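Read through the structure below, which is laid out as structure tokens, and then see the notes.
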Amino acid sequence: MTFINGRALHYVFKIPDRKETMRFYREVLGMKVLRHEEFSEGCEATCNGPYAGRWSKTMVGYGPEDNHFVVELTYNYGIHSYEKGNDFISMTVRGSEILERAKTQNWPLLNGNTLEAPGGYKFQVVDQPQPTDRDPVEKVTLASSNLAKSIEYWNGILGLKIFKQTDKSVEVGFNKVEAKLELQDIGAPVNRAKAYGRIAFSCPHDQQEVIDKKIKETGQTILTPLISLDTPGKATVRVIILADPDGHEICFVDDENYRSLSQPDYGSERILNRQMQIDKS
């Protein structure tokens, strides 16, 4: 039963090489820089992982965050490699144009129209024209050590709807027209290692308490209790960070303030370009 009015927002990657990563997202995938922010110290909700130093956040996607599932790229200055586990499987994006750009950019194409971003993150490309009436990002696929437990958590506890299910996988989400989360049974323990990411959703501010109560009642994990996070010059948002049975991190942010925070700031791409140019870490 769905008890949350949720909305799929983004997936967070820790990136090891900011320049090459931005080349991949901009020149191969064809995403735009929607906004960029620099921070002098670590995030209270560990958005950049367990690192206390200077970091940056770049949101990239095919359109505004109000109606597109995007990617959050977190860069920790001075840290240029992360041990990759088996937790993240792929992100699926529709667009023949991506394959054409990959060829032009001499970006290696792996079996099954798969591209690998710096850091080892894989993107599955559907070889069909990029849609203009909906988001080209179709789903994020994460590993599950026990599909039944994953379904009970995501559908039974959090209330995401099941859109597709097989013996080895399930696709869940809040809305039919949004990107989905696919959980794929790998028949082995999930190892998140150091490169682990985070998937984010929004919900109305008052429903965050519903999530908090439900998670506590069912004995599930809360990594960061309800907390308000400031972004200099922008809206303050409230978040709660959870972990599913395999440790996948889930952020629920209040939708009202996040819509204000996430408005495109295309001019901030100049800051990103400048910081990449002068970065000597």
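The values are calculated or read from the model by the stated rules, or taken from the named source; none is laboratory data. Keep in mind that this is a model prediction, so the values were computed, not measured. Heads up, the Cβs are rebuilt from the backbone with ideal geometry, glycines too, and the neighbour counts pull from every protein chain shown.
For this structure, a couple of remarks:
- Of all residues in region 143-171, those being outside any loop (DSSP other than H, G, I, E, B) and surrounded by 22 or more Cβ atoms within 10 Å (Cβ to Cβ) number 6.
- Residue satisfying all of: in region 232-281; closer than 24 Å to residue 159 by Cβ and of a type in the set (Val, Ile, Thr); surrounded by the most Cβ atoms within 10 Å (Cβ to Cβ) among these: 253
- Residues located in region 260-271, provided they are over 15 Å from the mean Cα position of the chain (by Cα) and either of a type in the set (Gly, Ala, Ser) or closer than 21 Å to residue 46 by Cα (or both): 260, 261, 267, 268
- Scanning region 21-57 for residues being in contact with a strand residue (DSSP E or B) (Cβ under 9 Å, 6 or more places away or on another chain) and in a helix (DSSP H, G or I) gives a total of 6.
- When region 234-259 is filtered for residues that are small (Gly, Ala, Ser) and over 19 Å from the mean Cα position of the chain (by Cα), only 235 remains.
- Counting only strands (runs of 3 or more DSSP E) that sit wholly inside region 180-243, those with at least 1 residues that are in contact with a Pro (Cβ under 7 Å, 6 or more places away or on another chain) are 237-243.
- Residues within region 81-132 that are among the polar types (S, T, N, Q) and either surrounded by fewer than 12 Cβ atoms within 10 Å (Cβ to Cβ) or out of contact with any strand residue (DSSP E or B) (no Cβ under 7 Å at 6 or more places or on another chain) (or both), tallied: 8
- Residue 14 vs. criteria farther than 17 Å from residue 200 by Cα and either surrounded by fewer than 20 Cβ atoms within 10 Å (Cβ to Cβ) or at pLDDT 95 or above (or both): no
- The lone criterion from (1) in a loop (DSSP other than H, G, I, E, B); (2) under 19 Å from the mean Cα position of the chain (by Cα); (3) touching a residue at least 24 places away in the same chain (Cβ under 8 Å) left unmet by residue 176 is number (3).
- Residue that is farthest from residue 61 (Cα to Cα), among those in region 122-151 that are aliphatic (A, V, I, L, M) and without any contact (Cβ under 8 Å) to a residue 40 or more places away in the chain: 148
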